[in-house]
Amino acid sequence: MPPTHDLIILGAGAAGLMCAATAGQRGKRVLLIDHADQPGKKILISGGGRCNFTNIGTSPDRFHSANPHFAKSALSRYTAADFIELVDRHRIAWHEKTLGQLFCDGSARQIVHMLMEECAKGAVRIALSQPVRDVAHADGLFRVTHGGTTSAAPALVIATGGPSIPKMGATGFAYDLARQFGLKIVEPRPALVPLTLGGDEALFRELSGVATDVIARAGKTAFREAALFTHKGLSGPAILQVSSYWRHGQPVGIDFLPSHAAGWATQAKRDRPRAHFHTLLSEQLPARLAGVLAKRIGLWSELANLPDRRLDEAERRLRDWRFHPNGTEGFAKAEVTAGGISTAELSSQTMAAKKVPGLYAIGEAVDVTGWLGGYNFQWAWASAVAAGMAV
């Protein structure tokens with residue numbers, strides 16, 4: 001069959017919509033296909049419904065991948081400022097929250113509506129509620145069977161994301177398709193996900209709902225934000241951040257008193273010898289947490305009765321409390337997927353597959369994962385523009 005379009009994009013999420021708009025406005029005949037009944041479903045639930053659409057602190061070192069340099073090209077050519085300009089052009093009000101995170105003042109629907117308007121400007125044809133039944137490649141054309149029809153184009157973009165949040169319809173389809181074309185996959189795993197505790201650490205589940213400011217570490221990577229105890233284990237921004245770097249069998253280190261200088265406990269003993277250690281802790285931490293930590297350390301008496309050596313040991317433990325997670329809450333609770341289509345298979349300039357002319361992969365489907373706080377959306381926009389400009 002002859003080509004029906006210049007480009008077929010699979011996946012009407014953030015990356016797919018952006019790529020479609022970019023290519024369409026360049027005069028390409030674009031078909032955007034998705035099995036869902038509406039576009040941008042993950043956009044709609046992001047940021048508590050207000051969409052944390054980018055981060056003004058975006059830089060390549062805030063993304064991890066088997067190739068830490070891969071994201072540099074796309075991120076440098078389509079920046080957070082570029083997306084902000086687009087948002088401003090559509091008169092969408094926004095505000096900055098902590099750590100450079102930008103949110104809509106109103107609703108995430110505004111971002112989806114903006115992207116749909118940009119697609120309309122490029123005369124993009126959008127086919128929703130049409131699961132892809134087959135993808136074939138021959139004679140320089142990709143033939144996609146979707147719904148009750150087959151479409152053909154010389155270029156195909158994989159923008160179907162990863163398996164995180166399966167209740168939204170997310171699957172590993174991108175990886176199956178990539179394997180079909182001989183592309184290698186870096187093992188996908190849940191990222192930006194709560195960690196679970198078991199065994200001797202299960203008692204911390206009794207603190208469900210308690211949150212406090214910490215420095216959390218996994219390997220050589222550390223983040224200072226809030227940690228939250230849950231009925232299953234550990235969550236909160238600091239934990240979600242380090243979860244992307246954590247591996248099974250590794251401990252997670254928590255500094256419960258990141259603002260305190262060394263020697264604070266022995267100094268408190270000099271200043272307030274009649275105070276109890278757990279009382280001292282409860283002045284710095286939520287009372288329930290302070291009580292559990294004091295009991296685990298084994299210090300439940302007046303400071304005057306505690307040798308300096310034991311106070312120094314307690315301080316060291318509180319600066320690097322080792323939790324040993326037995327897993328994560330999985331893709332169901334993961335905000336994104338780490339791993340995916342290997343960057344070794346793709347051009348960092350165009351997102352094109354090196355071995356398969358006309359095939360591209362963008363967004364979460366690729367082995368590039370950003371920090372929490374709008375970075376993954378910025379990767380979606382940047383990688384989509386790179387492909388949309390190259391196709």
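The values are calculated or read from the model by the stated rules, or taken from the named source; none is laboratory data. Note that this is a predicted model, so its numbers are computed, not measured. Glycine also receives a Cβ, built like all others from the backbone with ideal geometry; neighbour counts cover every protein chain displayed. Remember, those area values only see protein heavy atoms, side chains included, never the ligands or the DNA or RNA. Shrake-Rupley method; radii C 1.70, N 1.55, O 1.52, S 1.80 Å.
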With θ set to phi - 60°, apply the Karplus curve 6.51 cos²θ - 1.76 cosθ + 1.60 along region 229-244 and write out the HN-Hα couplings as whole Hz, x wherever there is a Gly or Pro.
-> 7, 10, 6, 10, x, 10, 8, x, x, 4, 6, 4, 4, 6, 4, 5
Cα long-axis angle, helix 109-121 against the chain (0 to 90 degrees, to the nearest 10) | 20 degrees
Output the relative contact order of region 31-122, whole-number percent, from Cα pairs under 8 angstrom with separation of 6+ residues.
-> 38 percent
Out of ALA153, SER244, LEU280 - ranked by how far each Cα lies towards the positive end of the dipole of the chain, with unit charges on the beta-carbon of charged residues - the top one is LEU280
Expected max-MSF residue from GLY198, GLY253, GLY298 in the GNM of the chain (alpha carbon, under 10 Å) is GLY298
What lysines could a cross-link reach from LYS184, if we take a straight Cα to Cα line under 19 Å and drop same-chain neighbours fewer than 8 places away?
-> LYS354, LYS355
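Using the C-alpha atoms of region 266-314, what convex hull volume per residue, in cubic angstrom, is computed?
Cα convex hull per residue, to the nearest whole number: 62 Å³.
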Could you name the lysines whose alpha carbon sits less than 26 Å from that of LYS167, not counting residues in the same chain fewer than 8 places away?
-> LYS41, LYS42, LYS232, LYS333
Per DSSP H run of n ≥ 4, the term is -39500 (n - 2.57); total these for the chain, divide by its residue number, and report the mean residue ellipticity at 222 nm rounded to 500 deg cm²/dmol.
-> -8500 deg cm²/dmol
Give the angle, between 0 and 90 degrees and rounded to the nearest 10, that separates the Cα long axis of helix 287-297 from the longest principal axis of the Cα atoms of the chain.
-> 70 degrees
For ARG288 and ARG179 in the same chain, what is the full-extension length gain: residue separation times 0.36 nm, less their Cα-Cα distance, in nm?
-> 34.2 nm
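What is the ratio of the Cα radius of gyration of region 281-347 to 2.2 N^0.38 Å, with N the residue count, to two decimals? Could the numbers behind the result be given before it?
Numbers: Rg = 20.4 Å, N = 67, 2.2 N^0.38 = 10.9 Å.
With N residues counted in region 281-347, Rg over 2.2 N^0.38 Å equals 1.88.
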What is the magnitude of the charge dipole of the chain about its Cα centre, with +1 placed on the Cβ of each Lys and Arg, -1 on the Cβ of each Asp and Glu, and no other charges, expressed in debye to the nearest 20?
-> 240 debye
Heavy-atom accessible area of CYS51, protein chains in place, probe 1.4 angstrom, given in Å² to nearest 10, is 0 Å²
The relative contact order of the chain, taking Cα pairs under 8 Å that sit 6 or more residues apart, comes to a percentage of 24 percent
Approximate shape of region 301-391 as ellipsoid semi-axes (Cα gyration tensor, √5λ), whole Å, largest first = 49, 13, 12
Amide H contacts of ASN52 (H built 1.01 Å from N, under 5 Å, at least 5 apart or other chain) = GLY47
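Charges only on Cβ, +1 for Lys and Arg, -1 for Asp and Glu: so what's the dipole of region 1-42 about the Cα centre, in debye to the nearest 20? Spell out each step's value before the answer.
Numbers: 5 positive and 3 negative charges, 27 e Å.
Taking the Cα centre of region 1-42 as origin, the dipole is about 140 debye.
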With θ set to phi - 60° and the Karplus curve 6.51 cos²θ - 1.76 cosθ + 1.60, what are the ³J(HN,Hα) couplings of region 352-357 in order, to the nearest whole Hz, using x for Gly and Pro?
-> 7, 6, 5, 8, 10, x
Where the only charges are on Cβ atoms (+1 Lys, Arg; -1 Asp, Glu), what is the dipole of region 161-257 about its Cα centre, to the nearest 20 debye?
-> 360 debye
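Calculate the translational D of the chain in whole µm² s⁻¹ from Stokes-Einstein, where the hydrodynamic radius comes from the Kirkwood formula applied to all Cα pairs, the temperature is 4 °C and the viscosity 1.567 mPa s.
Answer, rounded: 57 µm²/s.
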Residues whose placed amide H lies under 5 Å from that of LEU32, excluding near-sequence neighbours | ILE9, ARG125, ILE126, ALA127
Kindly write out, for region 77-91 in residue order, the coupling ³J(HN,Hα) from the Karplus curve 6.51 cos²θ - 1.76 cosθ + 1.60 (θ = phi - 60°), rounded to whole Hz, with x marking Gly and Pro.
-> 8, 9, 9, 4, 4, 5, 6, 4, 4, 5, 4, 5, 4, 8, 6
Semi-axes of the equivalent ellipsoid for region 14-97, Cα gyration tensor, largest first, Å = 22, 19, 16
Could you give the spread of the C-alpha atoms of region 156-247 along their three principal axes, from largest to smallest, in whole angstroms?
-> 48, 29, 22
The chain: most fluctuating residue of ALA294, ALA352, ALA261 per GNM, C-alpha cutoff 10 Å | ALA261
Relative to the compact globular guide of 2.2 N^0.38 Å, what is the alpha carbon radius of gyration of region 95-145, as a ratio?
-> 1.82
Check THR230: other-chain or 5+ apart residues with amide H under 5 Å from its amide H, H built from backbone geometry?
-> GLY209, SER235
Mean projection of the alpha-carbon convex hull of region 79-234 over all orientations, in nm²?
-> 14.3 nm²
Which of TYR360, ALA314, GLY388, positive extreme of dipole for region 248-391 (C-beta unit charges) | ALA314
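Tell me the trypsin sites (Lys or Arg not before Pro) within region 149-237 that lie in a loop according to DSSP and have at most 15 other beta-carbon atoms within 10 Å.
Working: sites: LYS167, ARG179, LYS184, ARG205, ARG217, LYS220, ARG224, LYS232; in loops: LYS184, LYS220, LYS232.
Sparse-neighbourhood loop trypsin sites (Lys or Arg not before Pro): LYS184, LYS220.
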Can you tell me the relative contact order of region 1-82? Whole percent, Cα pairs under 8 Å, sequence separation 6 or more.
-> 23 percent
